[in-house]
Amino acid sequence: MKDTVFYLPSCDTCRKIIKSISPKAKLSYHDIKQDPITDDQLQELQKLAGSYEALFSRKAQLYKAYNLKNQTLTEADYKTYLLEHYTFLARPVFVIQDHIYIGNKPEIVAKALASLVHD
């Protein structure tokens, strides 16, 4: 899973960020809708992130639809939801040289892009 970006191609923000990546960057692209994250991949992401909660998006429409705001979620719950539906993954998620960069805040994206290996 080294040097990979997990993204959703229908997400305008993901598309904008990916468009800004140098074509010379050595990066694998993982479409989380077409190729859902596996339990093993999610566990690897969790180890890098420190928790499943760190990978979880509270902006997902299903978060509101499931009324999760008013529930106390455990790490097991976060893991279950992340495996259940791709929309719960905060995105994009960059894994570059054993570091993880989660989300689309400009400072996080800038760090991720700066860490990419180019030819």
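The values are calculated or read from the model by the stated rules, or taken from the named source; none is laboratory data. Bear in mind the structure is a predicted one, so any value in this text is a computation, not a measurement. No Cβ is skipped: glycine too gets one built from the backbone with ideal geometry, and neighbour counts run over all protein chains shown. In case anyone asks, the SASA skips ligands and DNA or RNA and just uses the protein heavy atoms, side chains included. Shrake-Rupley method; radii C 1.70, N 1.55, O 1.52, S 1.80 Å.
How do 16-22, 101-107, 90-96, 68-74 rank on mean C-beta neighbours within 10 Å, highest first?
90-96, 101-107, 16-22, 68-74
Summarise the accessible area of the range 1-80 (1.4 Å probe, protein heavy atoms) by the percent that is carbon and sulfur.
Using a 1.4 Å probe with all protein chains present, the range 1-80 comes out at 47 percent carbon and sulfur.
Output the relative contact order of the chain, whole-number percent, from Cα pairs under 8 angstrom with separation of 6+ residues.
Reported as a whole number, the value is 36 percent.
Just one of (i) 13, 48, 31, 7, 1; (ii) 12, 40, 34, 13, 1; (iii) 13, 42, 31, 12, 3 is P(r) over Cα pairs in 10 Å bins from 0, in percent as worked out from the coordinates here. Which one is it?
(i)
In deg cm²/dmol, rounded to 500, what helix-only [θ] at 222 nm does the chain give when every DSSP H run of at least 4 residues adds -39500 (n - 2.57) and the total is split over its residues?
Calculated at 222 nm, the ellipticity per residue is -10000 deg cm²/dmol.
Place +1 on the Cβ of every Lys and Arg and -1 on the Cβ of every Asp and Glu in the chain, take the dipole about the Cα centre, and give the residue among Q61, Y81, V93 whose Cα lies farthest towards its positive end.
Q61
Suppose all protein chains stay in the model; what accessible area per residue would a 1.4 Å probe give for the chain, in Å²?
Averaged over the residues of the chain, the accessible area is 59 Å².
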